[in-house]
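Input: a single structure, listed below in structure tokens.
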């Protein structure tokens, strides 16, 4: 039987043949003059290994890694640092007084508060105390997190340029406020590959909080591969009978039929690749094979019925409810056990523009016990030392009230100048607080950490020099940290 692609080539008329040949000859000549790096991966990046799920472009790590994998507990909406981790008693003493202009210093405001005639200061509705040998300040809203105070590294001096949700989340996840760049997990898949041939190297889990359940939406491009090959995009796991969409075979199709069909499709795709050389074709072959393997691996992963009762008790009652933050934290631990490189959890609802005292309490209850349980669970299994866990959102909240301030109610607007995240395991100092804000909780006064600094440090903990993990696209070498980023060495263990 003739190769169908060769037959099609033979049927081309002379004009098409000459045009196609001239392009091929011209490209070969041009590549000889410019070098192969002009057209794709440059030699310094190692050259991408396509069609191999386990292969990354880095032939060797740049540093000895402290972490093998990452679990990122992203709190979407902007958690208020003033209610959770950054204790500012002065705000309670000055409650209702105007924010001094010397503190604000002309900072840009969102359209939601720029029209306010007054900016009354307001402290936390909830108390704070110091916990652990480290004496870390933690809110009364987070009693379970308080128990792991000596396991976490709290960074109180994060800052960003983005002041609205979508560019701010996009900035944290991709290194750019503009959509279209690869997500962190995609960069790691590209650079390091996967240690599990039966699951994606980049998995995503979503949950909706009870604080503001219908707040800011999230878009799948946040875990997209951008200009990298589609092999590196994040795979979303959902609650319900179909955790990964379009994974199951149609009713009546046997495994043997599916295997035969995939073999034939792979053969046709390989013929197409041999003729055109498009690397995306081999990415598609790998994706078909991964989907076939996931038909077996995903049901086993999602079956948490064999988890002992004390584990459910540790993560809290919500851990038995699929799709909750607690259930996703338990699944994240199971994914980490199976050596999935990057597990991204998004928990929505942290956007308290009004009714903050009630909403932030509910939101904290969603995540407090499960976040702490994940750290304790990884620690008891000997996994915390090489698993980096991150907790935090895209920006913080203002120290003044958005809208009317009353005795029992207030809101807070977006605040990019300073906010708090924490990290644990994977080579960061435990029981350590880094950076400081002023007494008003408005400006950073010690050890500022930019988003690109955070990303550079994350890559460093995985053994990667952030300046050397690059991808050439449209004539420019791109990287996660763009042209910025310094490693925050003071937080390294």
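Residue 472 meets the conditions (1) touching a residue at least 24 places away in the same chain (Cβ under 8 Å); (2) more than 23 Å from residue 396 (Cβ to Cβ); (3) surrounded by 20 or more Cβ atoms within 10 Å (Cβ to Cβ); (4) in contact with a helix residue (DSSP H, G or I) (Cβ under 8 Å, 6 or more places away or on another chain) in every case but one. The failed one is (3).
Every residue, every condition in (1) over 22 Å from residue 79 (Cα atoms); (2) touching a strand residue (DSSP E or B) at 6+ places or on another chain (Cβ under 9 Å), yes or no:
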{"residue": "315", "(1), (2)": "no, no"}
{"residue": "321", "(1), (2)": "yes, no"}
{"residue": "326", "(1), (2)": "no, yes"}
{"residue": "336", "(1), (2)": "yes, yes"}
{"residue": "346", "(1), (2)": "no, yes"}
{"residue": "349", "(1), (2)": "no, yes"}
{"residue": "354", "(1), (2)": "no, no"}
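Residue-by-condition table, conditions (1) farther than 24 Å from residue 447 by Cα; (2) in contact (Cβ under 8 Å) with a residue 40 or more places away in the chain:
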| residue | (1), (2) |
| --- | --- |
| 151 | no, yes |
| 175 | no, yes |
| 187 | yes, yes |
| 205 | yes, yes |
| 214 | yes, no |
| 223 | yes, yes |
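Within the range 432-450, can one find any residue that is without any contact (Cβ under 8 Å) to a residue 12 or more places away in the chain, outside any loop (DSSP other than H, G, I, E, B), in contact with a strand residue (DSSP E or B) (Cβ under 7 Å, 6 or more places away or on another chain) and farther than 29 Å from residue 195 by Cβ? Reasoning before the result, please.
Kept after step one, since they are without any contact (Cβ under 8 Å) to a residue 12 or more places away in the chain, are these residues of the range 432-450: 445.
Narrowing the set further to residues that are outside any loop (DSSP other than H, G, I, E, B) leaves 445.
When the remaining residues are screened for being in contact with a strand residue (DSSP E or B) (Cβ under 7 Å, 6 or more places away or on another chain), the result is 445.
In the following step, the residues that additionally are farther than 29 Å from residue 195 by Cβ were identified as 445.
Scanning the range 432-450, I find at least one residue that is without any contact (Cβ under 8 Å) to a residue 12 or more places away in the chain, outside any loop (DSSP other than H, G, I, E, B), in contact with a strand residue (DSSP E or B) (Cβ under 7 Å, 6 or more places away or on another chain) and farther than 29 Å from residue 195 by Cβ, so the answer is yes.
Note on the range 164-187: residues that are outside any helix (DSSP H, G or I) and surrounded by 23 or more Cβ atoms within 10 Å (Cβ to Cβ) total 4. Of the residues making up the range 381-399, those that are in contact with a helix residue (DSSP H, G or I) (Cβ under 9 Å, 6 or more places away or on another chain) and not in a loop (DSSP other than H, G, I, E, B) are 384, 385, 387, 388, 389, 390, 391, 392, 396, 397.
Which of the helices (runs of 4 or more DSSP H) contained wholly in the range 61-146 include at least 3 residues that are touching a residue at least 24 places away in the same chain (Cβ under 8 Å) and farther than 19 Å from residue 361 by Cβ?
Working: elements: 81-84, 89-93, 101-104, 143-146.
Because the criterion is at least 3 residues that are touching a residue at least 24 places away in the same chain (Cβ under 8 Å) and farther than 19 Å from residue 361 by Cβ, the helices (runs of 4 or more DSSP H) in the range 61-146 that meet it are 89-93.
Going by the structure shown, is residue 44 at pLDDT 75 or above and over 23 Å from the mean Cα position of the chain (by Cα)? Spelling it out, it is not the case that residue 44 is at pLDDT 75 or above and over 23 Å from the mean Cα position of the chain (by Cα).
Looking at the range 342-351, is at least one residue part of a helix (DSSP H, G or I) and either modelled with pLDDT of 95 or more or surrounded by fewer than 19 Cβ atoms within 10 Å (Cβ to Cβ) (or both)? Within the range 342-351, none of the residues are part of a helix (DSSP H, G or I) and either modelled with pLDDT of 95 or more or surrounded by fewer than 19 Cβ atoms within 10 Å (Cβ to Cβ) (or both). Taking the criterion of being closer than 19 Å to residue 396 by Cβ and in contact with a helix residue (DSSP H, G or I) (Cβ under 9 Å, 6 or more places away or on another chain), the residues of the range 89-130 that qualify are 91, 119, 121, 122, 123, 124, 125, 126, 128.
Consider residue 425 carefully, then state whether it is surrounded by fewer than 24 Cβ atoms within 10 Å (Cβ to Cβ) and modelled with pLDDT of 95 or more.
Values: surrounded by fewer than 24 Cβ atoms within 10 Å (Cβ to Cβ): no; modelled with pLDDT of 95 or more: yes.
For residue 425, the condition - surrounded by fewer than 24 Cβ atoms within 10 Å (Cβ to Cβ) and modelled with pLDDT of 95 or more - is not met.
Just the residues that are under 12 Å from the mean Cα position of the chain (by Cα) and either surrounded by fewer than 24 Cβ atoms within 10 Å (Cβ to Cβ) or farther than 13 Å from residue 55 by Cα (or both), please, taken from the range 188-217. Before the answer, list the steps.
At the first step, the residues of the range 188-217 found to be under 12 Å from the mean Cα position of the chain (by Cα) are 188, 202-206.
Correct list: 202, 203, 204, 205, 206.
Filter the range 141-163 for residues that are in contact with a strand residue (DSSP E or B) (Cβ under 7 Å, 6 or more places away or on another chain) and farther than 26 Å from residue 316 by Cβ; which is surrounded by the fewest Cβ atoms within 10 Å (Cβ to Cβ)? Here the answer is 163. The residues in the range 400-430 that are without any contact (Cβ under 8 Å) to a residue 12 or more places away in the chain and either touching a helix residue (DSSP H, G or I) at 6+ places or on another chain (Cβ under 8 Å) or under 23 Å from residue 453 (Cβ atoms) (or both) can be counted, and the count is 0. Of everything in the range 246-270 that is exposed (fewer than 12 other Cβ atoms within 10 Å of the Cβ) and in a loop (DSSP other than H, G, I, E, B), the residue that is modelled with the highest pLDDT is 251.
The values are calculated or read from the model by the stated rules, or taken from the named source; none is laboratory data. Owing to the predicted nature of the structure, the values given are computational and were not obtained by experimental measurement. No Cβ is skipped: glycine too gets one built from the backbone with ideal geometry, and neighbour counts run over all protein chains shown.
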